[in-house]
Amino acid sequence: MTIVPTSLRLKKPDWLRTKFPTGEKYFRIQNLTSTQKLHTICESGNCPNMRECWNSGTATFMILGNICTRSCGFCAVATGKPAAVDWNEPERVAQSVKQMHLKHCVITSVDRDDLPDGGSAIWAMTIRAIRKNSPGITLETLIPDFKGIIENIERVFAEKPEVLSHNLETVKRLTKQVRVQAKYERSLEVLKKAKEYGLKTKSGIMLGLGETEKEIYETMDDLRDAKVDVLTLGQYLQPTKNHLPVTEFIHPDKFALYKKIGLTKNFAFVESSPLTRSSYHANEHVF
């Protein structure tokens, strides 16, 4: 099945409505990231949980700029030619994490297929800088696939983040349409290698892109075969009319069922709800 972007949108149900971001902590984090010239996937990805997370004092930092070399059909992050690598970025991120007094921090990045190392050197530097400035902090690293280049992947693994996260995003059949330059099996291999490295692993998929219930369960099985520890399931929301359309809004009761089934498949933790995103309640995934 080929998914074609359309301007026709399904009406968003009440359970997906969120409040406009506001609050003292929200504006403090917004000011901090702006002053330090940093990016968050919360803003760049139009996350519906930004108000809740920022007001609780947490955010997911996005390193290596805010322009991605890939053009995934679901993602709100801009695609194009990225700016040059900012080698001072790791220290600025680390200082911001320290100022926020975080006990747990999530780091992600755009894809940088333009760089020979895929940006993995900046990844390693950022992890080290955060730990130096905030001793005792725990880290989740939501990494790209680095085109499957093992030395680049292992550069991040070697820093031993408490949680190594890499998302499948969708079921196998829809991968080519949803993640144009990615490969389902390559992503599974990244997760397998992380587990072989002794890391706690995490992955997630979006629902409402045209997948079947059977395919969701098959994806769960593929992730468990890769020994993934944590699974996240959330509702896909179309960022703009130029992105892939929502084919279905999944009711919260169905998400509750998927959580129950996921736990029977022996995931250690399953986060499943319409508003779940990869980093939602991330601090609870360190166990």
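The values are calculated or read from the model by the stated rules, or taken from the named source; none is laboratory data. Being a predicted model, the structure only gives us computed values, none of them experimental. When we count neighbours, we look across all protein chains shown, and the Cβ atoms used for this are built from the backbone with ideal geometry, even at glycine.
Things worth noting here:
- Here the condition is being at pLDDT 95 or above, within 28 Å of GLU154 (Cβ to Cβ) and out of contact with any helix residue (DSSP H, G or I) (no Cβ under 9 Å at 6 or more places or on another chain); of LYS183, LYS195, LYS227, it holds for LYS195 alone.
- Across segment 84-126, the qualifying residues are those that are crowded, with 16+ Cβ neighbours inside 10 Å and of a type in the set (S, T, N, Q), and the one among them that is nearest to the chain's Cα centre (by Cα) is THR108.
- Summed over segment 153-168, residues that are of a type outside the set (Val, Ile, Thr) and buried (at least 23 other Cβ atoms within 10 Å of the Cβ) total 5.
- ILE143 being over 19 Å from GLY204 (Cβ atoms), β-branched (Val, Ile, Thr) and either at pLDDT 95 or above or surrounded by 20 or more Cβ atoms within 10 Å (Cβ to Cβ) (or both): no
- The listed residue being part of a helix (DSSP H, G or I) and more than 20 Å from VAL230 (Cβ to Cβ), out of ALA76, ALA129, ALA84: ALA129
- Criterion: of a type outside the set (Ser, Thr, Tyr), within 15 Å of the chain's Cα centre (by Cα) and not in a loop (DSSP other than H, G, I, E, B) - qualifying residue of GLY204, GLY262: GLY204
- For segment 226-259, filtered to residues that are touching a strand residue (DSSP E or B) at 6+ places or on another chain (Cβ under 6 Å) and part of a loop (DSSP other than H, G, I, E, B), the residue that is nearest to LEU174 (Cα to Cα) is TYR236.
- Among residues of segment 132-172 being of a type in the set (A, V, I, L, M, F, W, C) and assigned to a strand (DSSP E or B), the one that is nearest to MET100 (Cα to Cα) is LEU139.
- Residue count for segment 260-270 under the criterion of being without any contact (Cβ under 8 Å) to a residue 12 or more places away in the chain and touching a strand residue (DSSP E or B) at 6+ places or on another chain (Cβ under 9 Å): the result is 2.
- When residues of segment 180-197 are limited to those that are part of a loop (DSSP other than H, G, I, E, B) and in contact with a Lys or Arg (Cβ under 8 Å, 6 or more places away or on another chain), the one surrounded by the most Cβ atoms within 10 Å (Cβ to Cβ): ALA182
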